[in-house]
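The values are calculated or read from the model by the stated rules, or taken from the named source; none is laboratory data. Predicted model, so just to flag it, every value in this text is computed and none were measured. Virtual Cβ from ideal backbone geometry, glycine too; neighbours counted across all protein chains shown. Protein only, heavy atoms only, side chains kept; ligands, DNA and RNA dropped before computing areas. Shrake-Rupley method; radii C 1.70, N 1.55, O 1.52, S 1.80 Å.
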Amino acid sequence: KQELMYQRYKEMKKGDELKQRKRQAKCAKNLLERVTPFVDGKVSMEDFVASCQEEALNIAKGAYGELYTITMGWAILVSAEEFIGFKTSFLGLGGHVARTKQNASGFGANMKLIGAGLKAVGAGSKAMVEAENMQKRAEETGEQLDASAAAEMAEALDDTLPTFLEFAWAVNKKDIQSTLKSVCKKLFNDSSGANTKELRLKRAEAVRIFGREFLTIGKLTQKTKPSSGKMDADDIKARVEVAARTTMAKAQGQELSEEDHELMIRLAKQMSMDAKRQTPQGHSEGNNDDAPSS
């Protein structure tokens, strides 16, 4: 049985590696197509920069989009600087500097991943302990959980959502950085056919500009978003709720724009906040009604 499980694991691992290689090849092809018009001189520097900024803005406007643009921009920019540095600077010093920055960023990402994982485990354990204690008290007293206790338990679980999302983002960020590093390496090191050193350097410079603009737009967007980078439980729940409703709407043939989607999320969050504010008042009014009249 153990041997069978081991063989299945090997097959799954091979399958995952094949999917990752196909994903990297597709991304490299898309990135090549993206920069080729500029490399071939068909698009001016101004137009190319403007198109990069527009693409980055479209991504940054989405939910947590600034995190994606910063992560993508940094990974692409440093990979391009590393290749250009090794090929053009004295003794490849520029490449070594870029590689050091990349390694430092990778180490930091690993530390954040470990930290986020430990926080997620801790938060999950704490929430489970609180839920078990409430259930145990209810069993000992023979009373069922009232609405207040159930709400308290739900709130404790809700409080763990940002921590788990932070962990998921740490995993996602590491995957993005690793994938883009491999994509750029594949693109820059392809010396087959007419891919001369000069041509590959031009591509690397175009990719460097692309990454620089993504990183810049991401940082600017991060400054303008008041809650940027913060994982909010109400926001998570609202987005899950709206995603479910959007799926149902599309199944019925209804089309929703990005603006409609964001508006529905804001309304869902507002309704959730209104309900929370009304809950204590509802309990207070109930207590007054139950009080004996003098």
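Just one of the listed residues (LEU31, LEU57, LEU77, LEU18) is within 25 Å of ALA168 (Cα to Cα) and open to solvent by less than 60 Å² (accessible area, probe 1.4 Å), and it is LEU77. Here TYR68 clears all of (1) open to solvent by less than 60 Å² (accessible area, probe 1.4 Å); (2) in a helix (DSSP H, G or I); (3) in contact with a helix residue (DSSP H, G or I) (Cβ under 7 Å, 6 or more places away or on another chain) except the condition numbered (1). The residues of segment 33-81 that are of a type in the set (D, E, K, R) and either within 16 Å of LYS181 (Cβ to Cβ) or in contact with a Ser or Thr (Cβ under 7 Å, 6 or more places away or on another chain) (or both), listed by number, are GLU66, GLU81. Against the numbered list (1) closer than 23 Å to LEU31 by Cα; (2) modelled with pLDDT under 95; (3) open to solvent by less than 20 Å² (accessible area, probe 1.4 Å), LYS197 comes up short only at (3). Has segment 142-160 got any residue that is open to solvent by 40 Å² or more (accessible area, probe 1.4 Å), assigned to a helix (DSSP H, G or I) and at pLDDT 65 or above? No, the conditions are met nowhere in segment 142-160. Which residue, of GLU46, GLU55, is more than 25 Å from the chain's Cα centre (by Cα) and part of a helix (DSSP H, G or I)? Answer to the check: GLU46.
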